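Below is one structure, written out as structure tokens; comments come after it.
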Amino acid sequence: MKKLSIAPIKRKSENTISLINIVFLMLIFFLIAGQLAPPLDKTVDLIDSKDADPLPPPNALVAREDGSLHFRGSPTTIEAFLQEAASLEAVEEDVQSEQAGFPVRLIADRDLAATALIGLVGELQAAGAGKVTVVTMRTQ
């Protein structure tokens, strides 16, 4: 039996170093040439609001611990709140479609029962409110 010598197949080496170099050069170019935002005026010192007291959002419905609802400091009902808030939204011209309703911010007392809060959100949505956002306070 005769053995044939087979030459090993030479594979072309993939030269990815040149591709990496091009991408790296493009990255450096865009870092130097491009600017994401204009720099702030160096003569302006920004206000520090770390120690500022938080303010409640405007036009928010407040639910107290006993379940009573208040809007702008006076007691209210869901229907009266939605009617007054809808008129305020119309004045601000941020009204969405009538089917979707308008967004409602709800500030709930910490001691309000979770079941009462969920029921209140359901009543708001059933009465025609759109997205209901429960406002919370961030702790550090």
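Bear in mind these aren't lab numbers, they're just calculated from the coordinates by the rules spelled out. Owing to the predicted nature of the structure, the values given are computational and were not obtained by experimental measurement. Note that we place each Cβ from the backbone using ideal geometry, even for glycine, and neighbour counts take in every protein chain shown.
Express in nm, to one decimal, how much length is gained between residue 30 and residue 127 on full extension, taking 0.36 nm for each residue of separation and deducting their alpha carbon distance. Intermediate results must be reported in sequence, preceding the final value.
Numbers: separation 97, 0.36 × 97 = 34.92 nm, distance 5.32 nm.
Gain in length upon complete extension: 29.6 nm.
Give me the extension gain from residue 3 to residue 18: residue separation times 0.36 nm, minus the current Cα-Cα distance, reported in nm with one decimal.
Values: separation 15, 0.36 × 15 = 5.40 nm, distance 4.20 nm.
Answer, rounded to one decimal: 1.2 nm.
Just want the ordering: 4, 124, 27, from fewest to most Cβ atoms lying within 10 Å of their own Cβ. Write out the running numbers ahead of the final one.
Working: 4 4, 124 20, 27 10.
Ranking 4, 124, 27 by Cβ neighbours within 10 Å, fewest first, gives 4, 27, 124.
Can you return the lysines within cross-link range of residue 50? Criterion is Cα-Cα under 25 Å, with same-chain partners fewer than 8 residues away left out.
42
Say R0 is 41 Å: what FRET efficiency, to the nearest 0.05, do residue 79 and residue 137 get from their beta-carbon distance?
Computed FRET efficiency for residue 79 and residue 137: 0.90.
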